[in-house]
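The values are calculated or read from the model by the stated rules, or taken from the named source; none is laboratory data. Because the structure is a prediction, the values reported are computed rather than measured. Backbone-built Cβ (ideal geometry, glycine too); neighbour counts: all protein chains shown. Side chains included, ligands, DNA and RNA excluded: accessible areas come from the protein's heavy atoms. Shrake-Rupley method; radii C 1.70, N 1.55, O 1.52, S 1.80 Å.
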Amino acid sequence: MFRLALFCGLFALTPGALLRAASDTARADAAKSEATNGDYVLQPQDLIRIQIFQEPELNRELRISQEGKVELPLIRSVDLKNKTVQQAEQLIRQLYDADYLVNPQVNLTVVEYAPRSVDISGAVSTQGVVYFPKEEGMTLLGAISRAGGFTRLANKKAVTLKRTLPDGKVETYKIDVDELMKGGTTETWPLQPGDVVTVPERIL
């Protein structure tokens with residue numbers, strides 16, 4: 001009877017509910033995979049867990065500072081700025097191996113990603129900050145959609161994107177989003193944290 005009831009319960013689920021369940025599972029798996037992805041570049045305010053095999057007193061869970069550094073036992077300040085998870089593991093391993101441990105096994109996991117956002121202003125329904133998780137990413141069209149879309153006066157052909165590079169240099173791009181929406185280009189314009197998007201109004 002229990003098996004029959006369980007079967008009937010599953011059969012009663014609507015296709016939409018099944019799709020949502022599958023989508024939720026996929027997102028959870030993607031987030032889990034992202035947390036252990038060695039290619040992920042660590043960011044300030046990421047919460048990370050560092051574990052040293054058979055050295056539990058050295059294990060730590062801490063946030064990366066705005067300067068990109070963490071404080072660890074014995075080796076003290078470690079600069080993780082612009083380093084991937086894998087590169088950070090290698091650096092910490094080398095620092096411990098140099099003076100304190102013999103061939104240490106280091107595992108670094110991202111426990112919580114720092115909030116990431118872009119700023120959107122101008123002719124959109126809701127101006128301001130748009131947040132997005134790293135594991136999902138964000139395109140220009142996606143950010144505009146989250147801002148409520150264009151207003152009727154928006155000049156979609158002259159959207160500007162300002163991006164501050166790691167060396168402090170600011171680059172400005174002028175984007176024809178109208179062409180982008182019509183599929184006239186394969187460029188999707190993936191955004192980066194800190195990007196500033198401005199949608200001007202048409203001159204009537």
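Side notes on the structure shown:
- Condition check for T164: of a type outside the set (D, E, K, R) and more than 24 Å from Y40 (Cβ to Cβ): no
- Positions within the range 184-204 being modelled with pLDDT of 90 or more, closer than 16 Å to K156 by Cα and assigned to a loop (DSSP other than H, G, I, E, B), in sequence order: W189, P200, R202
- Qualifying residues in the range 135-162 (those that are of a type outside the set (V, I, T) and farther than 26 Å from I203 by Cα) - the one most open to solvent (accessible area, probe 1.4 Å): E136
- Pairs where the first residue, in the range 58-70, is more than 17 Å from P115 (Cα to Cα) and the second is among the β-branched types (V, I, T) and modelled with pLDDT under 95, C-beta under 9 Å, 6+ apart: E61/V111
- Residues of the range 21-56 satisfying the condition of being modelled with pLDDT of 85 or more and among the charged types (D, E, K, R): D46, R49, E55
- Subset of the range 109-128 [part of a loop (DSSP other than H, G, I, E, B), within 14 Å of D195 (Cα to Cα) and open to solvent by less than 30 Å² (accessible area, probe 1.4 Å)]: R116
- Contacts under 8 angstrom Cβ, first residue in the range 191-202 being farther than 10 Å from V129 by Cα, partner aromatic (F, W, Y) and in a strand (DSSP E or B), 6 or more apart: V199/F150
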